[in-house]
Each structure stands twice: as C-alpha cells, then as structure tokens.
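The values are calculated or read from the model by the stated rules, or taken from the named source; none is laboratory data. These numbers come from a predicted model, not from an experiment. Note that each Cβ is placed from the backbone with ideal geometry, even for glycine, and that neighbours are counted across all protein chains shown. Surface areas here come from the heavy atoms of the whole protein model, side chains and all, with no ligands, DNA or RNA. Shrake-Rupley method; radii C 1.70, N 1.55, O 1.52, S 1.80 Å.
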Amino acid sequence: QFLFGFITFLVLLCCEKATAGFRARVLPTHQTMGIIIYTLAIAGCLTGLIQTARSRLSGPTPLEPEKPDYKNILNPVNPFLNPGMVINMVGVCLITLAIIIPYIIRNFTQRRNVASFSVN
C-alpha cells in the first residue's frame, strides 16, 4: 500500500495532467486496499488481546498461585483497574474503530468532486 501510494501520488507528479486523471481512477482502489489493511491490523490486535487474556489471565496454576483470573472481574476498589476489564474495554474500542473509520472513509470521501484532482 505504501509503495502503491508513493508511486501513484509522488513519483508521477512530473506529468501533471495525466497524473490528475490517473489519481482520480486509482483513488477508490487505494481507499479499498487501505481499509482492508486497516481491518486486518485491527484483527491482529484483537487476536493479540485474546492471546494475552488467555495466557496471563487464565487463573491460578500450581506454578503461579497468584495468577489473576479473568472471570473474577469485580474488584472492590476500582473495577476498571482489573486487567480483564482493561482488555475488554480496549477490544470494544478497537471493534468500534473498525466499524466507524471505514464508514467515514467510504461515505464522506465519495462526496468529493473528481474535478478537485484537476490541475489548472
């Protein structure tokens, strides 16, 4: 994606009139690939959170009797300091961003006029 964006938007600046039309044709593909990469990055982050929760918060073991349990989510002092609650809140925020950002990109950038790419 970086190489594609670099070639289409920076290197092709030598031919201004041809570049404007090419950019207008390539922009939807560039946005789609960016959204796919963003969604895969969010999926990777969520997978890492699940792995962390399962390995570090799986409850006491014979070798680690003080290991926290994710099922024990209620902390009498402050429930938001519980590691399980923090992981869940980060996961909810990531899922929310995974929904909102592509929606914003798709719905608000389609309204831009293609003539804005033309060079005077």
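Give the residue, chosen from THR61, THR32, THR47, THR19, that is loosely packed, with under 15 Cβ neighbours inside 10 Å and at pLDDT below 85. Answer to the selection: THR61. Once the range 76-120 is narrowed to residues that are at pLDDT below 60 and over 25 Å from the mean Cα position of the chain (by Cα), the residue that is most open to solvent (accessible area, probe 1.4 Å) is ASN120.
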